[in-house]
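Structure first, commentary second.
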Amino acid sequence: LNRETQGGAWCPKEPISIGIREWLQVSLNETHLISGVQMQGRYSNGLGQEYTEEFQLEYWREGFQSWRKYYRFDGKTVFPGNTDTSTVVTTKLRPPLFAQKVRFLPYAAHRRVVCLRVELLGCVW
């Protein structure tokens with residue numbers, strides 16, 4: 001994150017809209033306590049126009065039979081993302097989650113192209 005050189009970002013194969021499930025998965029070697037996430041759009045030397053306005057999280061750790069959707073303390077599952085390609089947006093996770101794998105699922109009420117770069121905040125548990 002915070003780099004304005006190169007054009008690296010993950011972009012789904014298809015535009016995102018309600019009902020489209022595309023995700024960026026981060027796999028860790030062991031269980032981590034994740035207290036927040038950071039997100040940024042595609043810069044591409046000033047030419048990038050793609051960013052993720054909203055997103056959801058799913059997580060997995062050893063012992064789970066399937067992926068679980070992350071719910072914030074107030075029950076919310078859709079979180080605000082970016083409003084431009086360059087600003088880093090930090091989302092604090094309350095409660096934090098314990099995971100070995102995390103999926104970022106872009107969310108959009110209308111069909112649109114999205115791209116994202118991410119960072120997990122936390123430590124080994």
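The values are calculated or read from the model by the stated rules, or taken from the named source; none is laboratory data. These numbers come from a predicted model, not from an experiment. So basically every Cβ, Gly included, is an ideal-geometry build from the backbone, and we count neighbours across all protein chains shown.
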Residue in the stretch 90-102 that is at pLDDT below 95 and in contact with a strand residue (DSSP E or B) (Cβ under 8 Å, 6 or more places away or on another chain) present: no
Could you list all residues from the stretch 76-125 that are within 19 Å of Ser35 (Cβ to Cβ) and assigned to a loop (DSSP other than H, G, I, E, B)? Lys76, Thr77, Gly81, Val88, Trp125
So for the stretch 54-74 (the condition being surrounded by fewer than 17 Cβ atoms within 10 Å (Cβ to Cβ), among the charged types (D, E, K, R), under 12 Å from the mean Cα position of the chain (by Cα) and on the phi < 0 side of the Ramachandran plot), does at least one residue qualify? yes
If you scan the stretch 8-53, which residues turn out to be touching a strand residue (DSSP E or B) at 6+ places or on another chain (Cβ under 8 Å), among the small types (Gly, Ala, Ser), assigned to a loop (DSSP other than H, G, I, E, B) and surrounded by 15 or more Cβ atoms within 10 Å (Cβ to Cβ)? Ala9, Gly41
Take the residues in the stretch 89-101 that are loosely packed, with under 14 Cβ neighbours inside 10 Å and not basic (Lys, Arg), then tell me which one is farthest from Leu24 (Cα to Cα). Pro95
Output for the stretch 11-49, where each listed residue is in contact with a Gly (Cβ under 6 Å, 6 or more places away or on another chain) and at negative phi: His32, Leu33, Ile34, Ser35, Met39, Arg42
